[in-house]
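So the structure is just underneath, and the comments pick up after that.
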Amino acid sequence: MSNTNGILYIVATPIGNLSDISLRALEVLSTVDVIAAEDTRNSKVLLMHHSIKTPMTAYHEHNEDKKSKLLLEKLSVGESIALISDAGTPLINDPGYSLVEQVKRAGFRVVPIPGACAIITALSASGIATDRFSFEGFLPRTSGARKTIFEMYQKRQGTLVFYESSHRIAKCMDDVAAVYEPAHKISIARELTKTYETIVTGSVEEVHQAVMSDSNMQRGEFVVLIEGFDKKQHKGDGLSEEGLAILKTLLTECSVKTAVKLAVQLTEQPKKVLYKAALELNSDD
Ligand code: SAM
């Protein structure tokens, strides 16, 4: 049952450009009783920019448990709270999960106020497929662990999205180049919405080279995007490797006509392309 007293708002804030905040977010931040901020000094800049005078309290990974109790007490006496992080959407690689979980369990309303998020911002302008993607958070710190992750995910469908720090972006690109084929499509989105915003999309070889040849390309905040296995084209004939694998399996059991019919349903790839590939595969036998 929902408790109608206090409300916890999860408010997305900008990831760089201070104007990237919704009117609703500004209204909520101006009218709640308190703003729980990951770093109050950092958020002060945003609040001052928008002339918001609401008191702040610190809520970060080191005081989550203690602060959650205090915030729950505030909700129970009818106060409303806005949770914000240093940048973007709270809880997305930022603190807040424990608070949201406890607040919901206690029966209070949790209201999302959507806005900037580096993952979605990068995806929207990268030129890498967006129909399906998985966000895997920050990449591991060591080269060995990063390569293991890339090897593990290499055959995954959908675009892979990671956060990466400026300290490791060059080494990360070395590791991508060590695991993926030189022609595999990737993108790095740097300093999104900020002055030096740069989005480089191309083959592993091209993007690796772009990062290595310009030290500016190793500064700032990064999102790394790697095209999924299913989008990889099979030798220019328009069929993905996944589509080809499905078609091959079907052809071991069915006629060309049935295999193509089923493959169209399973892969959603064009019938013409599947039919041509099926004929080629059959003639290889
Ligand atoms: N909550 C944030 C969000 O909604 O995107 C993410 C917080 S996470 C602690 C910070 C990481 O997000 C950075 O290290 C970087 O990988 C990515 N990031 C945040 N802002 C970015 C920006 N303006 N450009 C590129 N990446 C950014």
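Every number in this text was worked out from the coordinates using simple rules, so none of it is lab data. This is a predicted model, so every value here is computed, not measured. As a convention, Cβ positions derive from the backbone with ideal geometry for all residues, glycine included, and neighbour counts pool all protein chains shown.
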Top positive-direction residue, dipole computed over the chain with Cβ charges, set GLY96, TYR153, ALA245: GLY96
Take THR258 and ASN93, extend 7 Å from each Cα along the Cα→Cβ direction, and tell me the distance between the two endpoints in nm. 4.8
Under 21 Å from the Cα of LYS66, which lysines turn up, not counting those fewer than eight places away in the same chain? LYS74, LYS104
Signed unit charges on C-beta, dipole axis of the chain, positive-most listed residue ILE21, THR258, THR198: ILE21
I'd like the distance between the alpha-carbon centres of segment 113-167 and segment 208-228, rounded to an integer number of Å. 13
Reachable lysines from LYS53, criterion Cα separation under 16 angstrom, eight or more residues apart if same chain: LYS44
Whichever lysines have a C-alpha closer than 23 Å to that of LYS257, once near sequence neighbours (fewer than 8 apart) are set aside: LYS235, LYS248, LYS271, LYS272, LYS276
Cα-centred dipole magnitude for segment 119-226, charges only on beta-carbon of K, R (+1) and D, E (-1), debye, nearest 20: 260
Could you give the dipole magnitude of segment 1-160 about its Cα centre, charging the beta-carbon of Lys and Arg +1 and that of Asp and Glu -1, in debye to the nearest 20? 260
Quick calc: nm separation of the 7 Å Cα→Cβ label points for THR54 and ASN17 -> 2.4
Computed for the chain: size of charge dipole around the Cα centre, +1 on C-beta of each Lys and Arg, -1 on C-beta of each Asp and Glu, debye to nearest 20, value 460
Please sort by residue number the GluC sites (Glu not before Pro) in segment 29-122 whose DSSP state is loop and whose Cβ has at most 14 other Cβ atoms within 10 Å. GLU61
Residue farthest toward the positive end of the dipole of segment 119-226, with Cβ of Lys/Arg at +1 and Asp/Glu at -1: which of ALA122, PHE133, HIS208? PHE133
Among VAL176, VAL110, VAL200, which one shows the highest mean-square fluctuation when the chain is modelled as a Gaussian network with alpha-carbon springs under 10 Å? VAL110
Just in segment 102-178: which GluC sites (Glu not before Pro) are loop by DSSP and have at most 10 other Cβ atoms within 10 Å? none
Suppose a student asked you for the relative contact order of the chain, using Cα pairs under 8 Å spaced at least 6 residues apart; what percent would you report? 17
